[in-house]
Amino acid sequence: MNRFSPLFLGLSLAVAGVTLSAAQETASTTPSMPKVLQITREFIKPYKNGTAHDKTESAFVQAMTRAHWPTHYIALSSMSGKLRSLYLFPYASFDAWQKDSDAIAKNAALAAEVDRASVADGELLESVDQAVGYYNEEASYRPSADLSHDRYFEIDLYHVRPGHEVEWDELVKLVKDADEKAGNDEHWALFDLVFGTQGGSHLVLSAKKSLAEVDSGFAGQKQFYAALGEDGMKKFIELIASAVESSDHELFSINPRQSYPPEEWVKADPGFWKPKSAASTAKPAAAPGAKAGEAEKKP
């Protein structure tokens, strides 16, 4: 939970904290934040989520795995708001995104598999949309580029009033300074949405290892307010009122069954990123008349 939040509690406006990862980084390099974040959002038909959606999405993962594709992505499942899934594709640049798309198009086998998977997945969906974010390093606070042990995401979308970006920048700086002074364990990555939505839109992402971190975020508000002080709190409220036109705040869980994570993450936590299916863990049924615990014998 992060710190534009007195208004989330008192004036129905808020902010969250963030981490995100450049998933395509290799183990030999230091992970860095992706400069370009392509986001695909799928709105799922009622009761078509869960196992049914995991199955159709796994076809994409299997296709990428067979192709040993170098670009990875993570899937998020909604825990609040309308039923939907998000797919986050990180790129070092727009040029890297184009090259990745061109390479898929030239790989006939992979392109065909992706097309078939898309048709099957589409049967479960109400609609699909896309947006593109550009990483704002100056407006981010202690972001992490390793999601291997994270499980949840807070995602906040802010629409800034036209002509009020200066106040928005001032607000973000005020929040960062107060968190630094308070010593709270906050972190976020801020992406300016440059395509796929209205102008002046900013996405704030916060990865969490557990929902206990959300509790800690609320508990840490007292230190944050104290760090602001009376004058800072007044300025804080004024800036939100003048800069923020609207906001939306949601909670998601990372879905490993629909994700295509980098190998480093899998090695760091294989039990999470490569969960066994129910079928693979089920015990064989005993043959009629067999002794208790004795599995059916095949000829």
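Would you be able to tell me the number of residues in segment 166-186 that are under 20 Å from the mean Cα position of the chain (by Cα) and surrounded by fewer than 19 Cβ atoms within 10 Å (Cβ to Cβ)?
Taking segment 166-186 and keeping what is under 20 Å from the mean Cα position of the chain (by Cα), we get 185-186.
Now drop any that are not surrounded by fewer than 19 Cβ atoms within 10 Å (Cβ to Cβ), which leaves 185.
Looking only at that region, the number is 1.
Considering segment 98-110 alone, what residues qualify as being without any contact (Cβ under 8 Å) to a residue 40 or more places away in the chain, farther than 16 Å from residue 38 by Cα and exposed (fewer than 13 other Cβ atoms within 10 Å of the Cβ)?
Matches in segment 98-110: 105, 106, 108.
Of (1) under 17 Å from the mean Cα position of the chain (by Cα); (2) farther than 23 Å from residue 82 by Cα, residue 163 satisfies all except one. Which?
(1)
Select, from 245, 180, 250, the only residue that is assigned to a helix (DSSP H, G or I) and not aromatic (Phe, Trp, Tyr).
On the way: 245 fails: assigned to a helix (DSSP H, G or I); 250 fails: assigned to a helix (DSSP H, G or I).
Going through 245, 180, 250 in turn, the sole match is 180.
Would you check if there is a residue in segment 135-157 being within 30 Å of residue 268 (Cα to Cα), out of contact with any Ser or Thr (no Cβ under 7 Å at 6 or more places or on another chain) and of a type in the set (Lys, Arg)?
Within segment 135-157, one or more residues are within 30 Å of residue 268 (Cα to Cα), out of contact with any Ser or Thr (no Cβ under 7 Å at 6 or more places or on another chain) and of a type in the set (Lys, Arg).
In the list 206, 210, 216, which residue meets the criterion of being crowded, with 19+ Cβ neighbours inside 10 Å, under 22 Å from the mean Cα position of the chain (by Cα) and of a type in the set (S, T, N, Q)?
206
Does residue 141 fit the bill of being in contact (Cβ under 8 Å) with a residue 60 or more places away in the chain, surrounded by 16 or more Cβ atoms within 10 Å (Cβ to Cβ), touching a Lys or Arg at 6+ places or on another chain (Cβ under 7 Å) and among the aromatic types (Phe, Trp, Tyr)? Step through it out loud before you land on a result.
On the way: in contact (Cβ under 8 Å) with a residue 60 or more places away in the chain: yes; surrounded by 16 or more Cβ atoms within 10 Å (Cβ to Cβ): yes; touching a Lys or Arg at 6+ places or on another chain (Cβ under 7 Å): yes; among the aromatic types (Phe, Trp, Tyr): yes.
The answer is yes for residue 141.
Name the helices (runs of 4 or more DSSP H) wholly inside segment 1-119 in which the number of residues that are among the charged types (D, E, K, R) and at pLDDT 95 or above is 2 or more. Outline the logic, then answer.
Working: elements: 6-10, 51-66, 94-106.
Because the criterion is at least 2 residues that are among the charged types (D, E, K, R) and at pLDDT 95 or above, the helices (runs of 4 or more DSSP H) in segment 1-119 that meet it are 51-66, 94-106.
Just a yes or no: is a residue in segment 266-284 in contact with an Asp or Glu (Cβ under 8 Å, 6 or more places away or on another chain) and at pLDDT below 95?
Yes, some residue in segment 266-284 is in contact with an Asp or Glu (Cβ under 8 Å, 6 or more places away or on another chain) and at pLDDT below 95.
Scan segment 120-170 for residues that are hydroxyl-bearing (Ser, Thr, Tyr) and either in contact with a Phe, Trp or Tyr (Cβ under 7 Å, 6 or more places away or on another chain) or assigned to a strand (DSSP E or B) (or both) and jot them down. Let's see the steps before the verdict.
Keep residues of segment 120-170 that are hydroxyl-bearing (Ser, Thr, Tyr), which gives 127, 134-135, 140-141, 144, 148, 152, 158.
127, 134, 135, 140, 141, 148, 152, 158, listed by residue number.
Regarding segment 48-64, can at least one residue be identified that is in contact (Cβ under 8 Å) with a residue 12 or more places away in the chain and surrounded by fewer than 12 Cβ atoms within 10 Å (Cβ to Cβ)?
No - not one qualifying residue is present in segment 48-64.
Somewhere in segment 168-183, is a residue in contact with a Ser or Thr (Cβ under 6 Å, 6 or more places away or on another chain) and either free of Cβ contacts under 8 Å to residues at least 40 places away in the same chain or farther than 15 Å from residue 139 by Cα (or both)? Break it down stepwise before answering.
Taking segment 168-183 as the starting set, the residues that turn out to be in contact with a Ser or Thr (Cβ under 6 Å, 6 or more places away or on another chain) are none.
No, that holds for no residue.
The values are calculated or read from the model by the stated rules, or taken from the named source; none is laboratory data. Predicted model only: the values in this text are computed from it and were never measured. FYI the Cβ positions are ideal-geometry reconstructions off the backbone, even for glycines, and counts take in every protein chain you see.
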